[in-house]
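Shown next, in structure tokens, is the structure this report addresses.
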Amino acid sequence: MTDMASNQTAPEDERRNGGRVTETDTRDPQQREDKINILLVDDRADKLLAVETVIAELGQNLVIARSGEEALRCLLHHEFAVILMDVHMPGLDGFETAALIRQRKKFEHTPIIFLTATTTDDIQAHASRGYCLGAVDYLLAPVLPDVLRAKVSTFVELFRKTEQIKRQAERLSEVEAQKFKQQLSETHDRLEAETRRNRFFLLSIDLLAIAGFDGYFKQLNPSWEKGLGYGEEELKARPFLELLHPLDRETATSEIENLKTGSAIRYFESRYRCRDETYRWLGWTAAPFPEEGLLYIFARDITARRLAEEKILSLNEQLEKRVLQLTETNREMETFTYSIAHDLRAPLRAMLGFSRALLEDYGVKLDAPGQGFANRIVNSAKRMDELIQDLLSYNRFSREQITLAAVKLEAALDEALKQCDLQVREKKAEIRVETPLSDVWAHKGVLVQLLVNLLSNGLKFVAPGVKPSVRIWSEEGDVWVRLSIQDNGIGIAAEHHQRIFRVFERLHSAEQYPGTGIGLAIVGKAVERMGGRVGVESQPQQGSRFWVELPRVPRS
Ligand code: ADP
């Protein structure tokens, strides 16, 4: 084909950008995006047109540059599958332009085909220069259209394939990057969870460990070192059952065996040897994971609790011993009381009997002082017998089994008044009962004895010549019934209000007011045994009001 002329004029802006793009393709711009660029560099319009016509058939983008400088500018904006370049150009010639193109990394392998119409002499020199610059071909004018098209289309195809491979590689690396990113995020999540677990493991004040079914610790938290004094490696180096107290080893071993053979969670307590040879009590909770052959252990130092329990146990033992001792003492007391009742009273009765016999049978032979002495023996023996009897009844009150029940206070009072009837009549006493009286929770016999004691004191402790007057009434509270017995007697000074309830405490001589000083002690004991309270309000010469509180019978 001969030199082809071109009279095409590139628009001003394309020229500025470096080159003009011919649009021989009728496909839409999106499809044109897929087209491949071919750079044609020639200063002559006729040659440009000729080559353009040949290349247009390939349906690619032909970018035209009219000088070497313009070609270099084009390279700033586009990639090219092949560069077709005229050798003879004003300014930069083809070789110089090619040399500058090769300096750019992006274009160091872009195929360059030189097109020239040169003399035969120059052919050899031009070709070798061209090839030195990395040209892939060197075509002499007139260029055969088919040859040029075939060559250019080969490079276009090569470029397309290379681009495809590049794109595939990019996609591949994108997929790889995505996969890598996902792996990274999974690892990050795993690490974070592990860190959280580790923090829990490390910070726990309890002793946490993982042990193998082989009997060795695999992992321990720092609490083991703090609590027992061993370093982690020291504990891992020996079977963990080795440090158990010899007395606890059997139980612990069988617990561990149970765990290995499928038992779920087990709890047991055992002593564990510390580094300083002392033992600490540990409460072990262990769970097996047979698939992993591991035991997950949670142990807590329970030494303080076990010591407290041991102390309580020893205190209980001491207490039991004391109870046994007391029971023994009580038994002895009972024997003693029995001996008082029978053995002491027998000689007393003999004394009384013989001194009476002395007075009756030999009274006439005795002078007045002799009779007086014999009478004194009788009175003392009587008094002694009274004291012994009262002491015995107090003792019986303290020990006898009693059962509480609802008791009609009015009925109990009637019975007590019957027992005091002689005293009432002798003293011509006035008794006023303000009925109704509330029912109480008590033991009837004990209650009657209590009332007799209080009534008889009220009748007894009056000033000489004063007719006793006793008033009885009851008041009901939420829980209690308060029974009051008020007299018009000699009264009691406040400092004696407490002590008169003690055994043998009397404020008067037996000559002034007969008695043994046991009556109120029995009242106190009776009230105590029925779960009640007793007290007195009194002043000397103002009479006394004794009150007793007993649990009231719940309303049905
Ligand atoms: P006893 O009546 O045998 O003396 P008690 O134990 O019944 O013994 O009473 C103890 C003492 O309390 C009495 O000796 C008396 O001094 C005083 N006492 C008891 N009841 C009254 C009372 N109602 N009025 C004044 N004093 C009393």
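All of the numbers you see were taken from the coordinates with simple rules; none came from a lab. These figures come from a predicted structure and were not determined experimentally. Positions of Cβ are backbone-derived with ideal geometry, glycine not excepted, and every protein chain shown enters the neighbour counts.
Using the Karplus relation 6.51 cos²θ - 1.76 cosθ + 1.60 with θ = phi - 60°, the per-residue 3J(HN,Hα) values for the stretch 321-329 come to 4, 4, 4, 4, 4, 5, 4, 4, 4 Hz, with x marking Gly and Pro. Other residues within the sphere of radius under 9 Å centred on the Cβ of LEU437, judged by their own Cβ, net out at -2 (K and R +1, D and E -1).
Between the amide H of ASP93 and any residue lying 5 or more places away or on another chain, no distance stays under 5 Å, with hydrogens modeled in the peptide plane.
Taking 20 Å as the cut-off for C-alpha to C-alpha distance, list the pairs among LYS428/LYS525; LYS418/LYS460; LYS408/LYS444; LYS106/LYS151 that go past it. Walk me through the numbers before you get to the answer.
Details: LYS428/LYS525 30 Å; LYS418/LYS460 16 Å; LYS408/LYS444 8 Å; LYS106/LYS151 22 Å.
From LYS428/LYS525; LYS418/LYS460; LYS408/LYS444; LYS106/LYS151, over 20 Å: LYS428/LYS525; LYS106/LYS151.
Looking at the chain, the DSSP beta bridges with both ends there are about 70 percent antiparallel. Highest mean first, the peptides 181-192, 522-533 sorted by other C-beta atoms within 10 Å per residue fall in the order 522-533, 181-192.
Ordering VAL63, VAL433, VAL534 by the number of other Cβ atoms within 10 Å of each residue's own Cβ, fewest first, gives VAL433, VAL534, VAL63. Here is the tail figure for the stretch 215-268: Cα pairs spaced more than 18 Å apart come to 42 percent of all pairs.
Sequence-ordered 3J(HN,Hα) estimates for the stretch 502-518 from the Karplus curve with 6.51, -1.76 and 1.60 and θ = phi - 60° stand at 8, 4, 6, 8, 10, 9, 9, 7, 5, 5, 5, 9, x, x, 10, x, 10 Hz, glycine and proline given as x. Residues whose amide H comes within less than 5 Å of that of GLY543, counting only those at least five positions distant or on another chain, are GLY489, GLY491 (H built at 1.01 Å from N in the peptide plane). With a Cα cut-off of under 20 Å and a minimum spacing of 8 residues unless on different chains, the lysine pairs in the stretch 154-309 number 6.
Taking every DSSP beta bridge that has both residues in the stretch 416-550, what percent is antiparallel when rounded to the nearest 5? Of the beta bridges lying entirely in the stretch 416-550, close to 80 percent run antiparallel. The distance linking the stretch 55-94 with the stretch 447-523 is 140 Å (Cα centroid to Cα centroid, whole angstrom). Report the net charge of residues surrounding GLU157, where surrounding means a beta-carbon distance below 15 angstrom and charges are Lys +1, Arg +1, Asp -1, Glu -1. Summing Lys and Arg as +1 and Asp and Glu as -1 gives +3.
Look at GLU269, GLU309, GLU52 and count the other Cβ atoms within 10 Å of each Cβ; fewest to most, that gives GLU309, GLU269, GLU52. For a straight C-alpha distance cut-off of 20 angstrom, the aspartates and glutamates reachable from LYS427 (same-chain residues fewer than eight places away being disregarded) are ASP414, GLU415, ASP487, GLU511. Each part reduced to its alpha carbon centroid, the stretch 368-415 and the stretch 527-548 end up 21 Å apart. As a rough footprinting exposure proxy, the listed residues ARG66, ARG396 were ranked by other beta carbons within 10 Å of their own, and the order from fewest upward is ARG396, ARG66. Among residues other than GLU174 whose Cβ falls under 13 Å from its Cβ, what is the net charge (Lys/Arg +1, Asp/Glu -1)? Once all neighbours under 13 Å are counted, the net charge is +3.
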